[in-house]
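Notes for the one structure printed next.
The values are calculated or read from the model by the stated rules, or taken from the named source; none is laboratory data. None of the values given here were measured: they were computed from a predicted structure. All Cβ positions, even for glycine, are placed from backbone atoms using ideal geometry, and neighbour counts span all protein chains on display.
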């Protein structure tokens with residue numbers, strides 16, 4: 001009886017998760033082994049590994065994978081750098097913390113799609129304020145077509161992402177900094193350690209778990225990037241900013257190729273999961289060495 | 001060092017607020033002034049016309065109402081289901097708990113595109129295309145792992161003895177949960193609710209896919225697709241007004257609940 005009534009408590013959550021998460025994951029995984037598209041009249045025909053073989057030779061998929069990786073690595077690296085510097089700076093200030101945190105929470109709270117609209121207006125080549133400022137400062141001679149040129153469009157998207165997401169890193173790391181017992185700093189000063197020594201031997205080791213949390217969440221989110229790209233460039237110009245999520249979405253909704261789209265959806269997850277497990281093992285091994 | 005800190009913080013604050021301030025300025029300009037090159041810093045002839053047009057020429061009020069209904073219902077559904085599961089999870093002492101928490105964490109790492117197609121098939125089969133519940137169900141479920149994670153941590157801190165005393169007084173487990181545990185966990189429940197509300201308000205990809213008529217759009221979807229309305233004559237004034245108008249509820253939430261939002265965000269990291 002106890003067991004049964006305990007199950008009842010989980011029921012609502014279980015039903016929701018089954019419909020929205022569990023079933024879709026299984027169905028997407030299964031579909032990736034089938035041909036199911038406009039061409040087959042939306043009847044599923046077993047395809048074995050054909051969809052995955054197609055992925056291996058699909059240069060558009062390769063370039064979307066590369067674009068996504070570039071976006072993820074650059075965005076998260078910059079966000080981490082700014083987030084860390086800001087957290088250290090705010091931690092060094094006395095007071096103002098509440099106001100400062102409120103300010104930085106604003107971009108993190110706004111919808112990504114709205115932020116994309118916001119930055120599109122700033123990066124607008126004709127009326128945008130960025131070109132006006134750069135021209136006034138004499139940094140460029142004529143307006144830059146930020147979102148219409150392959151070389152600058154990705155830069156614009158990364159800028160928008162950094163603006164939205166470095167506050168997340170900041171908030172996590174600031175929480176980490178405030179968790180460090182102050183007497184450790186006093187101890188290292190008594191031992192004659194300077195500023196670098198306190199960072200190296202007190203701050204950094206204590207901050208590391210928070211660094212991992214912030215980085216993992218950001219990496220996972222950034223790799224799934226959709227809203228920013230969809231609204232700012234739609235993947236253009238000429239596919240220069242097309243990420244995996246965008247290409248998958250197009251394969252589903254525009255080319256109506258459900259089997260191939262499913263293979264495209266699950267492959268990056270599999271790659272990332274393997275990478276993640278490998279990385280986790282590596283970190284674990286390193287820790288065992290240390291302790 | 002200290003002065004570097006101050007300058008860096010001030011510069012970051014400026015960089016964070018300036019783009020929003022620029023949209024406030026832009027939203028108050030007339031179409032003619034918006035097309036002035038270089039842009040004017042202060043509107044010569046401030047006007048509320050862009051905001052008025054949002055409500056008169058577009059169903060902005062409907063967008064708003066849809067977003068409020070969908071986000072509120074998602075928060076209630078999600079936190080309701082999450083609190084039941086988290087309560088039991090916090091009371092179980094077995095391997096099952098750590099397994100359940102790992103599975104929940106893993107769920108949070110899936111990119112939403114993996115769920116998209118089967119979810120769309122489900123929503124269509126259930127007749128929920130262009131229906132608020134077509135979004136409320138996914139939003140509630142997608143935020144469950146996070147909410148359960150957050151609430152389990154909070155429920156664990158409520159002493160088990162309280163429930164034992166309640167049982168002696170003849171309360172059932174559900175009564176103890178409802179009358180003792182929930183009120184004590186109210187701050188965590190509110191935190192979870194606020195965060196789910198924000199996530200639901202912000203979601204774009206599912207809304208883009210499941211909603212294709214104007215009257216059912218959320219405010220995020222509505223404003224993001226304003227730009228695509230005309231190819232050549234993009235209504236930048238209305239768009240700027242839309243950006244500001246759709247952000248106001250979120251900015252208010254941040255101002256009033258900053259502490260709670262930060263607590264919710266960092267709860268997972270600290271544990």
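Points worth noting:
- Residue under evaluation residue A:83, criteria (1) buried (at least 24 other Cβ atoms within 10 Å of the Cβ); (2) in contact (Cβ under 8 Å) with a residue 24 or more places away in the chain; (3) within 7 Å of another protein chain (Cβ to nearest Cβ), criterion not met: (3)
- Of all residues in the stretch A:87-115 being under 19 Å from the mean Cα position of the chain (by Cα) and more than 7 Å from chain B (Cβ to nearest Cβ), the one that is farthest from residue A:232 (Cα to Cα): A:108
- In the stretch A:254-269 there is at least one residue that is within 11 Å of chain B (Cβ to nearest Cβ), modelled with pLDDT of 90 or more and at positive phi.
- Scan of the stretch A:236-266 for residues that are in contact with a strand residue (DSSP E or B) (Cβ under 8 Å, 6 or more places away or on another chain) and surrounded by fewer than 16 Cβ atoms within 10 Å (Cβ to Cβ), ordered by number: A:255, A:256
- All positions within the stretch B:13-58 that are in a loop (DSSP other than H, G, I, E, B), within 14 Å of chain A (Cβ to nearest Cβ) and exposed (fewer than 15 other Cβ atoms within 10 Å of the Cβ): B:35, B:36, B:37, B:38, B:40, B:41, B:42
- Set side by side, the residues B:4, B:61 differ, and just one is over 15 Å from residue B:236 (Cα atoms), more than 10 Å from chain A (Cβ to nearest Cβ), out of contact with any strand residue (DSSP E or B) (no Cβ under 9 Å at 6 or more places or on another chain) and not in a loop (DSSP other than H, G, I, E, B), which is B:61.
- Sole residue being more than 7 Å from chain A (Cβ to nearest Cβ) and surrounded by 22 or more Cβ atoms within 10 Å (Cβ to Cβ), chosen from B:162, B:184, B:195, B:252: B:195
- Selection over the stretch A:41-53 of residues that are assigned to a helix (DSSP H, G or I) and more than 15 Å from residue A:252 (Cβ to Cβ) gives a count of 3.
- You will find that of B:159, B:132, B:118, the residue that is farther than 30 Å from residue A:275 by Cβ and modelled with pLDDT of 90 or more is B:132 and no other.
- Test set (1) touching a residue at least 40 places away in the same chain (Cβ under 8 Å); (2) not assigned by TED's automatic domain parsing to the domain that holds residue B:240 - residue B:62 fails condition number: (2)
- Output for the stretch A:116-127, where each listed residue is crowded, with 22+ Cβ neighbours inside 10 Å and more than 8 Å from chain B (Cβ to nearest Cβ): A:123
- Any hit, the stretch B:70-77, residues being surrounded by 15 or more Cβ atoms within 10 Å (Cβ to Cβ), more than 30 Å from residue A:142 (Cβ to Cβ) and at pLDDT below 95: no
- Of the criteria (1) modelled with pLDDT under 90; (2) away from chain A (no Cβ under 11 Å); (3) surrounded by fewer than 20 Cβ atoms within 10 Å (Cβ to Cβ); (4) touching a helix residue (DSSP H, G or I) at 6+ places or on another chain (Cβ under 9 Å), which one residue B:102 fails: (4)
- Criterion (farther than 18 Å from residue A:25 by Cα, more than 9 Å from chain A (Cβ to nearest Cβ) and crowded, with 22+ Cβ neighbours inside 10 Å) met by exactly one of B:83, B:94: B:83
- In the set B:152, B:77, only one residue is over 18 Å from the mean Cα position of the chain (by Cα) and over 30 Å from residue A:256 (Cβ atoms); that residue is B:152.
The rows are residues; the columns are (1) more than 22 Å from residue A:216 (Cβ to Cβ); (2) in a helix (DSSP H, G or I); (3) within 11 Å of chain A (Cβ to nearest Cβ); (4) in contact with a strand residue (DSSP E or B) (Cβ under 8 Å, 6 or more places away or on another chain).
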residue: B:110; (1), (2), (3), (4): no, no, yes, no
residue: B:120; (1), (2), (3), (4): yes, yes, yes, no
residue: B:123; (1), (2), (3), (4): yes, yes, yes, no
residue: B:128; (1), (2), (3), (4): yes, no, no, no
residue: B:133; (1), (2), (3), (4): yes, yes, no, no
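- Condition met for residue B:114 (within 21 Å of the chain's Cα centre (by Cα), assigned by TED's automatic domain parsing to the domain that holds residue B:260 and without any contact (Cβ under 8 Å) to a residue 12 or more places away in the chain): yes
- Residues being within 13 Å of chain B (Cβ to nearest Cβ), under 21 Å from residue B:26 (Cα atoms) and either touching a residue at least 60 places away in the same chain (Cβ under 8 Å) or under 29 Å from the mean Cα position of the chain (by Cα) (or both) - total across the stretch A:135-164: 6
- Check on residue A:180, buried (at least 24 other Cβ atoms within 10 Å of the Cβ) and either within 10 Å of chain B (Cβ to nearest Cβ) or not in a helix (DSSP H, G or I) (or both): no
- Filtering A:72, A:67 for residues that are more than 14 Å from chain B (Cβ to nearest Cβ) and in a helix (DSSP H, G or I) leaves a single hit, A:67.
- Residues in the stretch B:207-222 that are closer than 18 Å to residue B:111 by Cβ and under 14 Å from the mean Cα position of the chain (by Cα): B:207 alone.
- Test result for residue B:147, in a helix (DSSP H, G or I), within 13 Å of chain A (Cβ to nearest Cβ), buried (at least 19 other Cβ atoms within 10 Å of the Cβ) and more than 23 Å from the chain's Cα centre (by Cα): no
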